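The values are calculated or read from the model by the stated rules, or taken from the named source; none is laboratory data. What you see is a predicted model, and the numbers here were worked out from it, not measured in a lab. Heads up, the Cβs are rebuilt from the backbone with ideal geometry, glycines too, and the neighbour counts pull from every protein chain shown.
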Amino acid sequence: MTTENRVSVQLKGLRKVYGEAVALADFSLDIAPGELVALLGPSGCGKTTALRILAGLDTDHQGQIIVNGKDIASVPANKRNMGMVFQAYSLFPTMTVLENVAYGLRVRKVDKEKRNKKAQELLDLVGLGEMGARLGHQLSGGQQQRVALARALAIQPNVLLLDEPLSALDAQVRTQLRDEIKRIQVEVGTTTLFVTHDQEEAMAIADRVGVMRHGVLEQCAPPQEVYLNPANVKVAKFVGAMNLMPAQVLSSDTLKIYGQSVALRGSSTTSAKEPLALVRPEQLSLTMAKTQGAASATVFNLTFLGPLTRISVRMNADARTLFVSMPSAAALEFVAGSLVDVQIHASSVLLDA
């Protein structure tokens, strides 16, 4: 099953103000036909505001909303042909699952046989093909959200909008449904905007991740690029765990961190007397040490996380706490009190602004 006409979406120069609070500031985003873009950020960063503007639920704003080359800013929400799935499942309690999925087609005057056939196809797609006769309250939370997704897709929307659709579910169900949403989106091919505050969710599901902060889109790129090559310090600090390590600027492109030379990404513009470099826990490794050196540390805690173990160490040079993430099998030789050397394996790092 594929969408016949995949559409492009362009949000240009969106600005939205609530009183004195700026929710969006010159926000622009291009979504390619069939692409899934996730907007990631903390509460209040403007990600849901952008989605509501695209949906037509918020019209008091500046900027353009272009879908397939046409500006739809003046088109009412019910004429935009967009499917929406929210955190709340919002199923009609007196309707069966099949009737819930077919509801949008019923409103569009599609005859009963055709709409029921389409609804059944979508229930099959989301793995609920045998549950069409049940009522919503007879399903689990994850199953209800699958029904909500099927209902949104039934009208063959130009754009699918997902606003924190998994946040009300427990962790295991959330992971399973996240993978299902990605599978279904790829199979159907609908251009999709996904809003979440969950980093792992965004990284797992999106073709590109847009990191937002205070109404500004700081970076929009494939997940690997956002994580490995953050556009700036704000993105680097928000996405994933980060160590702040004291650095000495040796040249325009080289730092010294605990006696080790590391390439500087970008140019050094910091005015800090004691600049800090940003290094991820998995960019560090440990080896047992017999004597203390510039990079020596003492292990004081190990946290087993299944395939990975997070090791907390205290640098002997300055008592700074660092976190090292490594395969659990390799972490077996370390115990609290071990004297270790810390090696940096980052190809380049950013300096904290």
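Hey, residue 177 hits all of (1) at pLDDT 90 or above; (2) in contact with a Lys or Arg (Cβ under 8 Å, 6 or more places away or on another chain) but one; which does it fall short on?
(1)
Of the residues that make up segment 146-161, is at least one assigned to a loop (DSSP other than H, G, I, E, B) and touching a Phe, Trp or Tyr at 6+ places or on another chain (Cβ under 8 Å)?
no
Can you run down the residue pairs with Cβ atoms below 6 Å, 6 or more apart or on separate chains, where the first is in segment 56-72 and part of a loop (DSSP other than H, G, I, E, B) and the partner is β-branched (Val, Ile, Thr) and at pLDDT 90 or above?
Within 6 Å, the pairs are 61/53; 68/7; 72/65.
Got a sec? Which of 296, 285 is in contact (Cβ under 8 Å) with a residue 60 or more places away in the chain and either under 17 Å from residue 335 (Cα atoms) or outside the structural domain of residue 250 (by TED's automatic domain parsing) (or both)?
Among 296, 285, only 285 is in contact (Cβ under 8 Å) with a residue 60 or more places away in the chain and either under 17 Å from residue 335 (Cα atoms) or outside the structural domain of residue 250 (by TED's automatic domain parsing) (or both).
Quick check: anything in segment 287-297 among the basic types (Lys, Arg), out of contact with any Gly (no Cβ under 7 Å at 6 or more places or on another chain), surrounded by fewer than 19 Cβ atoms within 10 Å (Cβ to Cβ) and closer than 10 Å to residue 341 by Cα? Lay out the reasoning, then the answer.
Going through segment 287-297, the residues among the basic types (Lys, Arg) turn out to be 290.
Narrowing the set further to residues that are out of contact with any Gly (no Cβ under 7 Å at 6 or more places or on another chain) leaves 290.
With the extra rule that they be surrounded by fewer than 19 Cβ atoms within 10 Å (Cβ to Cβ), the set shrinks to 290.
Adding the requirement that they be closer than 10 Å to residue 341 by Cα leaves 290.
Yes: segment 287-297 contains one or more residues that are among the basic types (Lys, Arg), out of contact with any Gly (no Cβ under 7 Å at 6 or more places or on another chain), surrounded by fewer than 19 Cβ atoms within 10 Å (Cβ to Cβ) and closer than 10 Å to residue 341 by Cα.
Rundown of residues vs (1) of a type in the set (Phe, Trp, Tyr); (2) closer than 19 Å to residue 30 by Cα; (3) in contact with a Gly (Cβ under 6 Å, 6 or more places away or on another chain), yes/no style:
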| site | (1), (2), (3) |
| --- | --- |
| 163 | no, yes, no |
| 168 | no, no, no |
| 180 | no, no, no |
| 197 | no, no, no |
| 206 | no, yes, no |
| 212 | no, yes, yes |
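Quick one: in segment 105-124, which of the residues that are among the aliphatic types (A, V, I, L, M) and out of contact with any Leu (no Cβ under 8 Å at 6 or more places or on another chain) is surrounded by the most Cβ atoms within 10 Å (Cβ to Cβ)? Break it down into steps so the answer makes sense when it comes.
Within segment 105-124, the subset among the aliphatic types (A, V, I, L, M) is 105, 107, 110, 119, 122-123.
Subset that is out of contact with any Leu (no Cβ under 8 Å at 6 or more places or on another chain): 105, 107, 110.
Details: 105: 21, 107: 11, 110: 17.
Of everything passing the filter in segment 105-124, 105 is surrounded by the most Cβ atoms within 10 Å (Cβ to Cβ).
In the list 325, 347, which residue meets the criterion of being under 24 Å from residue 234 (Cβ atoms), assigned to a loop (DSSP other than H, G, I, E, B) and either free of Cβ contacts under 8 Å to residues at least 40 places away in the same chain or among the polar types (S, T, N, Q) (or both)?
After applying the criteria, what remains is 347.
Given the criterion assigned to a loop (DSSP other than H, G, I, E, B) and of a type in the set (A, V, I, L, M, F, W, C), identify the matching residue among 236, 241.
Only one candidate qualifies: 241.
Pick from segment 300-322 the residues that are within 30 Å of the chain's Cα centre (by Cα) and small (Gly, Ala, Ser): which of them is modelled with the highest pLDDT?
312
Which residue pairs have Cβ atoms closer than 8 Å, lie 6 or more positions apart in sequence or on different chains, and pair a first residue in segment 191-216 that is outside any loop (DSSP other than H, G, I, E, B) with a second residue that is surrounded by fewer than 20 Cβ atoms within 10 Å (Cβ to Cβ) and among the aromatic types (Phe, Trp, Tyr)?
203/227
Could you list all residues from segment 78-116 that are among the aliphatic types (A, V, I, L, M) and either outside any helix (DSSP H, G or I) or out of contact with any helix residue (DSSP H, G or I) (no Cβ under 6 Å at 6 or more places or on another chain) (or both)?
82, 84, 85, 88, 91, 95, 107, 110
Based on what the data block shows, is residue 174 more than 27 Å from the chain's Cα centre (by Cα) and either in contact (Cβ under 8 Å) with a residue 24 or more places away in the chain or over 30 Å from residue 41 (Cβ atoms) (or both)?
Taking the combined requirement at face value, the residue does not satisfy it.
Is there a residue being surrounded by fewer than 17 Cβ atoms within 10 Å (Cβ to Cβ), more than 15 Å from residue 47 (Cα to Cα) and hydroxyl-bearing (Ser, Thr, Tyr) anywhere in segment 178-195?
no
If you check residue 274 against the conditions, is it acidic (Asp, Glu), within 24 Å of residue 322 (Cα to Cα) and not assigned by TED's automatic domain parsing to the domain that holds residue 155?
Taking the combined requirement at face value, the residue satisfies it.
From the list 218, 274, which residue is among the charged types (D, E, K, R), surrounded by fewer than 15 Cβ atoms within 10 Å (Cβ to Cβ) and either in contact with a strand residue (DSSP E or B) (Cβ under 9 Å, 6 or more places away or on another chain) or within 30 Å of residue 34 (Cβ to Cβ) (or both)?
Going through 218, 274 in turn, just one is among the charged types (D, E, K, R), surrounded by fewer than 15 Cβ atoms within 10 Å (Cβ to Cβ) and either in contact with a strand residue (DSSP E or B) (Cβ under 9 Å, 6 or more places away or on another chain) or within 30 Å of residue 34 (Cβ to Cβ) (or both): 274.
I'd like to verify a number: residues in segment 303-351 that are out of contact with any strand residue (DSSP E or B) (no Cβ under 7 Å at 6 or more places or on another chain) and of a type in the set (Gly, Ala, Ser), how many?
Final tally of qualifying residues: 5.
Could you look through segment 323-353, keep only residues that are modelled with pLDDT of 95 or more and β-branched (Val, Ile, Thr), and pick out the one that is surrounded by the fewest Cβ atoms within 10 Å (Cβ to Cβ)?
335
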